[in-house]
Amino acid sequence: MKHQLRKIVFPTAGLGTRFLPATKASPKEMLTIVDKPLIQYGVEEALAAGMDEIIMVTGRGKRAIEDHFDISAELEANLKAAGKEALYQEVSRVARMAEVIYVRQKQALGLGHAVSCAAHWVGDEPFGVVLADELIIAEKPVMQQLREVFEKTGRSVIGLMRVPMEMVSRYGVVAAVEENDLLRLTDMVEKPQPADAPSDLAIIGRYIFTPRLFELLEETKPGKGGEIQLTDAVARLAKEEPVYGVLIEGNRFDAGNPMGFLMANAELGARHPQFGGEFSNFLRNLLQNN
Ligand code: UTP
């Protein structure tokens, strides 16, 4: 296995049923938080952590993602001609921020299956995985937080956060032991009932894996919900080699459902350098009058 960590996989081929009808014809990852689509936040996080070889696993109806990271010569020419320099700079920056390979997941057979669709393009190298609908606002980009543990250990690393016990059934949940100031994962379960959950440590959609994961995914049978679950393959990986957990520092929003999406918009809207003040006033008035 090569040790460099440049590659990053974005699974974006899910059906987005929790956000219908918004996601019927447009990808969940293109939902906008303030003024940028979710996928752009994810890509910027990966780039900030030095992972610049991007493999996007897409499915039907996801063309807008490809167009978003592509050059739109007509738009750029129009903005330039109209003297809208700042917008021109931004649009042109997005189109050139990364080299992206698009791989198709022909059927939404589960997150584990989506990740395995990238195997050929990743090869025998460690790689990151970002679920862009999990938006994390953090001072230090979360993939960088994971990367630091990877650089120390050379092992797979998974982002975690503590959640209230009554919420564990929404997440993959891990069992962990402390080992040299790190959390070593010993088991994980997808969406357990609180009584069956090994802890309150939930998986939050940020991962770094050794390539051994791909071989285990090959052998993984459909699990919960009839889907090929990433969690099942990672649980097997953790039995074979050390897999570490990182309690991430940051504010996480599950923007793949309307509630988390609204909260993310409210938080980032209120913090926006240009109109955060005005938006915060609006929120205050709204709350006072309701
Ligand atoms: P989710 O659990 O959010 O599933 O997937 P989903 O289908 O997108 O949305 P809901 O639950 O129906 O509302 C987690 C991540 O895995 C990707 C999704 O795009 C999302 O980034 N995924 C999931 C795939 O790429 N393929 C799949 O078959 C399933």
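Is the shape of the range 135-191 best called rounded, prolate or oblate, per the rule: a/c under 1.5 gives rounded, else a/b larger than b/c gives prolate, else oblate, with a ≥ b ≥ c the square roots of the Cα gyration tensor eigenvalues? Taking the square roots of the gyration eigenvalues as a ≥ b ≥ c, the range 135-191 is oblate.
The GluC sites (Glu not before Pro) found in the range 157-235 that occupy coil by DSSP, while having at most 11 further C-beta atoms within 10 Å, are GLU219. Candidate cross-link partners of LYS84 among the lysines, defined by an alpha-carbon separation under 24 Å and a same-chain spacing of 8 or more, comprise LYS36. If you wrap the Cα atoms of the range 113-243 in a convex hull and average its projected area over all directions, you get 8.2 nm². The dipole here belongs to the chain: it is taken about the Cα centre, uses +1 on the Cβ of Lys and Arg and -1 on the Cβ of Asp and Glu, and is about 560 debye. Spherically averaged projected area of the convex hull of Cα atoms, the chain: 16.9 nm².
Projecting the Cα atoms of ILE33, SER116, ILE136 onto the dipole axis of the range 29-155, where Lys and Arg carry +1 and Asp and Glu carry -1 at the beta carbon, places SER116 farthest toward the positive end. Please work out whether the range 1-133 counts as rounded, prolate or oblate from its C-alpha gyration tensor, where a ≥ b ≥ c are the square roots of the eigenvalues and a/c under 1.5 means rounded, while otherwise a/b larger than b/c means prolate and anything else oblate? Oblate, since a/c reaches 1.5 and b/c is not below a/b. Sites listed here are trypsin sites (Lys or Arg not before Pro) in the range 1-64 whose DSSP assignment is loop and whose Cβ has at most 16 other Cβ atoms within 10 Å: LYS2, ARG6, LYS24, ARG60.
If you take the square roots of the eigenvalues of the alpha-carbon gyration tensor of the range 102-164 and sort them as a ≥ b ≥ c, do you get rounded (a/c under 1.5), prolate (a/b over b/c) or oblate?
Since a/c reaches 1.5 but b/c is at least a/b, the shape of the range 102-164 is classed as oblate.
Taking other residues whose beta carbon is less than 13 angstrom from the beta carbon of TRP121, and scoring Lys, Arg as +1 and Asp, Glu as -1, yields -1. Computed over the range 156-227, the range of Cα coordinates on each principal axis works out to 36, 33, 18 Å, biggest value leading. I'd like the distance separating the alpha-carbon centroids of the range 60-133 and the range 169-208, in whole Å. Distance between centres, Cα-based: 30 Å.
Since every read-out is calculated from the coordinates, none of them should be taken as a lab result. Keep in mind that what you see is a predicted model, and the values were worked out from it rather than measured. Neighbour counts run over all protein chains shown; Cβ positions are idealised from the backbone, glycine included.
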